[in-house]
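First up is the structure itself, then whatever we jot down about it.
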Amino acid sequence: MKVKYEDRLKQKVIAITTNTLVVGVDIAKNDQWARFVDFRGIEHSRALKFKNSKGGFETILARIREICKEENFAEAVVGMEPTGHYWKAFANWLDKQEGIKAVLVNPYATKQAKELDDNSQTKSDKKDALTIAKLVKDGRYFELYLPHDVYAQLRGLSTTRTGLNKRKNALKNAITAVMDEFFPEYAEVFKRPLSGKASRHILKTCPFPKFILKLGEDGVTQEIKKAVKKTVGRKKAMQLVDAAEESIGVDYGEDAARLKLRLMLEELELLEKQTEELEGEMSAALGKTDYAEFLLSIKGIGVVTLASCLGELGDPSRFENPRQMSRMAGYNLVEDSSGKNKSRTKISKRGRKNLRSVLYQMALTMVATNDEMKQLYHYLKTREKAPLRKMQALIVISKKILTLIHALAKKKEKYDPDKVFGNVRREQLKAAA
């Protein structure tokens, strides 16, 4: 059954009782600030500044225990913002303490709420800690989830892969920029200059007109044959020489630029090798979950994308329904309407960006390879009433992927095309066919 936002908020507010000490902590690299309030927002004890260290953690724990004993609080809830990475060590440490619950507060909510107390835009760690505490006592927090075991491994591997891909893309863009400056015609000879062995070898040895014309057609042919044993060497060499003779690229600083290219290509190849090793680890970790066999039965979902998805989601069986997974990705719909003014709805994007990214890649693949998703995608874009644009349709497909993951993980069943759609959707697709 669908749980409304108001009901979830009510449940969280009820969870903060007269016996609950609420602690707001503003996290920083070296020093944190903590403020202590009750269920009404009244402060207990003075603000505490403590170090981001084991000694500092023990200091705030001692203060929490002291206040609870003196004021008869039976439990403590500690709220913090999940910004950066410094919060993780403190949250992990708190998660192991008896009688203390760690929760998270949206940084945007803190930013919006901090002016309410003194009608001032002033920001300070000490002030933010109190704002966080009051948001928690009002139920405006979300539960802490720290993945363990294989899901912690998958999240770490997924995050590392995302970083590697960003660095690879940055290098590819930098290489393209150099070629656009010195030899813009190169892309007409090699349509995908960074994907082939021959092109990469040329980029390392004789990437610019100056070096190509110096070698001549025979010399360039020999260089190509060092990389690939194919008959295309002579043809590509002729094309390169012709392009070099007509090039409009700059004709100074070529030696330095060639060295720069070679170093960037070597770094790119290292990153590609690291990515291959990393994806092997992701495949091995995915095999240790309880759901790989069932989820990989979905046509269009690959090992790496599924591993990345589960790394962001954690154990899919922990969610009561797929709507919670969609909200985690930031796919929940929002609108800005007032009176007679009705705005168009859009996704909130208040969720895990990396999860949306991997779901988008999965959706692109599935609308090309999965018959059911292809049919749904076409219907969404061409239906008579409120047809969707391409990106909107892909978002619907992404949410459908989450629904499939949730259902198959819960039931531990393999993908069955006949069970993908309910009766209503099946009739819609049949009528549109």
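In table form, for the structure just shown:
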read-out: Extension gain from Ala47 to Gln361, taking 0.36 nm per residue of separation minus the Cα-Cα distance; value: 108.4 nm
read-out: Mean separation of Cα contacts under 8 Å, 6 or more apart, over the residue count of segment 124-276: relative contact order %; value: 29 percent
read-out: Cα long-axis angle, helix 353-369 against the chain (0 to 90 degrees, to the nearest 10); value: 50 degrees
read-out: Antiparallel content of DSSP bridges confined to the chain, in %, to 5; value: 60 percent
read-out: Trypsin sites (Lys or Arg not before Pro) within segment 29-92: DSSP coil, no more than 16 neighbouring Cβ in 10 Å; value: Lys29, Arg40, Arg46
read-out: Accessible surface of the chain, 1.4 Å probe, proportion on carbon and sulfur as whole %; value: 50 percent
read-out: Part-to-part distance (alpha-carbon centres) for segment 171-189 and segment 137-165, which is given in Å; value: 38 Å
read-out: Net length gained if the chain between Lys410 and Ser124 were fully extended (0.36 nm per residue, minus Cα distance); value: 98.5 nm
read-out: Whole-Hz couplings from phi, Karplus 6.51/-1.76/1.60, listed for segment 324-331; x for Gly and Pro; value: 5, 5, 5, 5, 4, 7, x, 8
read-out: Sequence-distant residues sharing a close amide H with Glu75 (under 5 Å, placed H); value: Leu21
read-out: Theoretical ellipticity at 222 nm over the chain - DSSP helices of four or more residues, -39500 (n - 2.57) apiece, nearest 500; value: -19000 deg cm²/dmol
read-out: Which label in (1) 55, 24, 19; (2) 51, 31, 21; (3) 39, 29, 19 gives the computed semi-axes √(5λ) of the Cα gyration tensor in Å; value: (2)
read-out: Förster radius 45 Å - calculated FRET efficiency between Asp242 and Arg383 (Cβ-Cβ, nearest 0.05); value: 0.30
read-out: Cleavage-rule hits (trypsin sites (Lys or Arg not before Pro)) in segment 368-433: DSSP loop, at most 10 neighbouring Cβ within 10 angstrom; value: Lys385, Arg389
read-out: Probe 1.4 Å, accessible area per residue of the chain, Å²; value: 56 Å²
read-out: Relative contact order [Cα under 8 Å, 6+ residues apart], segment 163-244, whole percent; value: 31 percent
read-out: Contact order relative to length of the chain, as percent, for alpha carbon pairs under 8 angstrom and 6 or more apart; value: 12 percent
read-out: Among beta bridges that DSSP assigns inside segment 1-87, antiparallel share in %, nearest 5; value: 60 percent
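The values are calculated or read from the model by the stated rules, or taken from the named source; none is laboratory data. Note that this is a predicted model, so its numbers are computed, not measured. Every residue, glycine as well, gets a Cβ built from its backbone with ideal geometry; the counts of neighbours run over all protein chains shown. When the accessible area is computed, the model is the full protein with side chains, heavy atoms only, and any ligands, DNA or RNA have been set aside. Shrake-Rupley method; radii C 1.70, N 1.55, O 1.52, S 1.80 Å.
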